[in-house]
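Remarks on the structure that follows.
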């Protein structure tokens, strides 16, 4: 992804609060697809995710919301409790605390930040699940230094 912006920390130039770059929507199958946020490509390696994989969606049959978002090796995750995807700002991403792994349902009520293995930060949210995977939105919040 590339953005026409002179400020590498801020992917878009606008007068209001910066809510990140253009929103991308993706469908990712449960447990056997891995998304590289930096390239926007889905890796279909069935056993071990590729080195560039940032997130996977797992299926948990024991929960009402079956979709669980996991960050992959080299990336970090932050859950923004009570935050609406479209309103999350770059300033919030800049001050977020990132963890190694979370085990939280991924649905329309949860928004997450992922710091990729290259150091860029993306917000993920608006998730809805089907019987085979989940559709969700993501947007670049800051480019790796």
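The values are calculated or read from the model by the stated rules, or taken from the named source; none is laboratory data. The model shown is predicted, which means the values in this text are computed figures rather than measured ones. Positions of Cβ are backbone-derived with ideal geometry, glycine not excepted, and every protein chain shown enters the neighbour counts.
What the table shows:
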| item | result |
| --- | --- |
| Test result for residue 57, over 20 Å from residue 18 (Cα atoms) and either surrounded by fewer than 20 Cβ atoms within 10 Å (Cβ to Cβ) or modelled with pLDDT of 95 or more (or both) | no |
| Residue satisfying all of: in the stretch 66-92; assigned to a helix (DSSP H, G or I) and free of Cβ contacts under 8 Å to residues at least 60 places away in the same chain; nearest to residue 110 (Cα to Cα) among these | 85 |
| Candidates 46, 52 - the one that is out of contact with any strand residue (DSSP E or B) (no Cβ under 6 Å at 6 or more places or on another chain), modelled with pLDDT under 90 and either part of a loop (DSSP other than H, G, I, E, B) or more than 19 Å from residue 131 (Cα to Cα) (or both) | 46 |
